[in-house]
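This report concerns only the one structure given below.
Each reported figure results from applying straightforward, stated rules to the coordinates on display, with no laboratory input. Only a predicted model underlies this, so the values are computations on that prediction, with no experimental measurement involved. Please note: Cβ atoms are built from the backbone with ideal geometry, for glycine as well, and neighbour counts cover all protein chains shown.
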Amino acid sequence: MVALSKIVLYLIPIIALVLLGWYYYGSEGGFSKLESTVETVEGYVPNISLGQDELAGGRVEIDAEHREAILRLNETINLMLHGTETNCFVNYSGFPELDEDGTSLTLTYNSAEDKTTVAITGGAGGSQTVTDLELEFEGMQPCVIAGNERITQQFYESYLDPGTSQSPSSAFNPVNSITIAYNTDGHNENRINYGAGFEDFEDGGWLFTPDKRHICFFPTKQGDIGGSCDGDGEEGLDDDCLTDTNEDESIPYRVRHNSLTTCS
């Protein structure tokens, strides 16, 4: 569009000169005299060409760290879908700060085709589609460990609180859409929206799958001052459950001590 605008700006004075020349020289012999006039003007006009990228809009550039994080997420989800384990956890390393008007991801589940697509936006104003990073996962539906206090409490009792009864089948919440983006409502940080508005997303980079089909993300709530992990809120688990490596009920602690299954 920038190159096209420049061409238009250069054409306007050329057309004006042509019309003035025609008026000045008259119709007889006008073409031959105007030819030399136009050739003179051409010497002052830069050579502008429109490349294929400019005509097609070009590749939308996003921060290299954002691109790497998205590719890691893609690899991790594929590992979980095609691995051998169920009720398992894996760390995709999380996202760097995605920046205001920066990069965002939207996962959308198509029930008719039983697949999830991931649209990435970024570039100018954070609103351009990054076509070379569009992802698609056959046979996958996104889920969250949030949305209902029963879900978070059941998850906590099933996986994080030793000695309590387990009922993993009811410990996750399937959803049709998830957006991950930098959000300024409250704290300025990466947040997650699964249909109930943006929630905190201090996930520590962890994902969970109960069945190699549902891939669950972890919205979070602000942890207690004492740093203890619990699952008593519909917003999600305490962020301590995902980020505190010394908390014996946290996911990183229990994975490190082989108390939880790692996806492979």
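Overview of values
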{"read-out": "Ellipsoid equivalent to the range 84-178 - semi-axes via the Cα gyration tensor, in Å", "value": "31, 17, 12"}
{"read-out": "Packing-based exposure ordering (other Cβ within 10 Å, fewest first) of LEU107, LEU133", "value": "LEU133, LEU107"}
{"read-out": "Residues LYS212, LYS221, LYS115, sorted so that the one with the fewest Cβ neighbours within 10 Å comes first", "value": "LYS115, LYS212, LYS221"}
{"read-out": "Span from the the range 187-256 Cα centroid across to the the range 131-146 one, whole angstrom", "value": "19"}
{"read-out": "Neighbourhood charge, 13 Å Cβ-Cβ cut-off, centred on SER93 and excluding it, Lys, Arg +1 and Asp, Glu -1", "value": "-3"}
{"read-out": "Spin-label pair ASN110/THR131, simplified geometry with 7 Å Cα→Cβ offset, distance in nm", "value": "1.7"}
{"read-out": "Residue order, fewest to most surrounding Cβ atoms within 10 angstrom, among SER111, SER228", "value": "SER111, SER228"}
{"read-out": "Long-range amide H partners of HIS214 with built H, under 5 Å", "value": "GLN141"}
{"read-out": "Karplus 3J(HN,Hα) series, Hz, for the range 126-135 with 6.51 cos²θ - 1.76 cosθ + 1.60 (x for Gly, Pro)", "value": "x, 10, 8, 6, 8, 5, 7, 10, 5, 10"}
